[in-house]
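One structure, pasted below without further comment.
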Amino acid sequence: MKKRIMVVEDESIVRMDLSLMLKDAGYEVVAEAGDGERAVELAFSLKPDLILMDIKMPNLNGLKASEIISNKINTPILLLTAYSQREYIDKAKKANILGYLVKPVNEASLIPAVEIALRQAENANAIREQVETMNQKLNERKIVEKAKGILMEKFNLPEEDAFRKMRKISMNKQVTLENVAKRIIVKYNA
């Protein structure tokens, strides 16, 4: 499946050139915008896989637009600019910026930067998913431990017996151990 890219650049010739380079490289350009406000609207509605964003634009600059987009959706952004000053680089670090290209941009620099930004975004998403899964498992474990503690105290059971009792209920009723734990907590903490 083609990666969906949005190009945001106030100079129409540069925007068209970037879009053509991306299409020639096999990417789908899902939208083009000439200012930051339109970029924000399109990013929220289309949720592209990557945004190429110029820094200097009318209405809303690329850094501010990138910050707004990053606060709502997790779309990686590759900045384009004619400026390589330190202040822009420092500001770019604050949003979901995965790369920084100085104009004029050619295909030899654009395509590798796009590929690396897309890969880094995939890696970051995989890590984010792992962290969410681990947090979910940790929360489930905390619930089970709390319920186990309630059973131990309420029925004067050793830890192993309390857990065995919960597991047996889970298997007999064909519900998750977490659901059994939640029911125990509700029943005995009320």
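List the strands (runs of 3 or more DSSP E) inside the range 1-88, counting only whole elements, that have at least 1 residues being modelled with pLDDT of 95 or more and open to solvent by 30 Å² or more (accessible area, probe 1.4 Å).
Output list reads 4-8, 28-33.
To keep it simple, each residue is scored yes or no on (1) at pLDDT below 90; (2) of a type in the set (A, V, I, L, M); (3) touching a strand residue (DSSP E or B) at 6+ places or on another chain (Cβ under 7 Å); (4) not in a loop (DSSP other than H, G, I, E, B).
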position	(1), (2), (3), (4)
Lys94	yes, no, no, no
Ile111	no, yes, no, yes
Val114	no, yes, yes, yes
Leu118	no, yes, yes, yes
Glu122	no, no, no, yes
Glu129	no, no, no, yes
Thr133	no, no, no, yes
Gln136	no, no, no, yes
Arg141	no, no, no, yes
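Okay, next question. Output the residues belonging to the range 166-190 that are among the β-branched types (Val, Ile, Thr) and either in contact with a Phe, Trp or Tyr (Cβ under 7 Å, 6 or more places away or on another chain) or under 18 Å from Met152 (Cβ atoms) (or both).
If the condition is that a residue be among the β-branched types (Val, Ile, Thr) and either in contact with a Phe, Trp or Tyr (Cβ under 7 Å, 6 or more places away or on another chain) or under 18 Å from Met152 (Cβ atoms) (or both), then Ile169, Val180, Ile184, Ile185, Val186 are the ones that fit.
Limited to the range 165-181, what total is found for residues that are assigned to a helix (DSSP H, G or I) and exposed (fewer than 13 other Cβ atoms within 10 Å of the Cβ)? Give the derivation first.
Pass one, the range 165-181, residues assigned to a helix (DSSP H, G or I): 165-173, 177-181.
Now drop any that are not exposed (fewer than 13 other Cβ atoms within 10 Å of the Cβ), which leaves 168, 171-173.
Within the range 165-181, residues that are assigned to a helix (DSSP H, G or I) and exposed (fewer than 13 other Cβ atoms within 10 Å of the Cβ) number 4.
Let me ask another. Mind checking which residues of the range 131-164 are of a type in the set (Val, Ile, Thr) and exposed (fewer than 11 other Cβ atoms within 10 Å of the Cβ)?
Step one: of the range 131-164, the residues of a type in the set (Val, Ile, Thr) are 131, 133, 143-144, 150.
Passing the criteria: Val131, Thr133.
Could you list, in sequence order, all residues of the range 33-88 that are within 21 Å of the chain's Cα centre (by Cα) and polar (S, T, N, Q)?
Result: Ser45, Ser66, Ser70, Asn71, Asn74, Thr75.
Taking Ile184 as meeting all but one of (1) over 30 Å from Leu50 (Cα atoms); (2) within 37 Å of the chain's Cα centre (by Cα); (3) open to solvent by 90 Å² or more (accessible area, probe 1.4 Å), write down the number of the exception.
Unmet condition: (3).
The values are calculated or read from the model by the stated rules, or taken from the named source; none is laboratory data. Bear in mind that the values here come from a model prediction, so they are computed numbers and not experimental data. Positions of Cβ are generated from backbone atoms using ideal geometry, with glycine treated the same way; all protein chains shown enter the neighbour counts. Quick note on the areas: whole protein, heavy atoms, side chains included, nothing else; ligands and nucleic acids left out. Shrake-Rupley method; radii C 1.70, N 1.55, O 1.52, S 1.80 Å.
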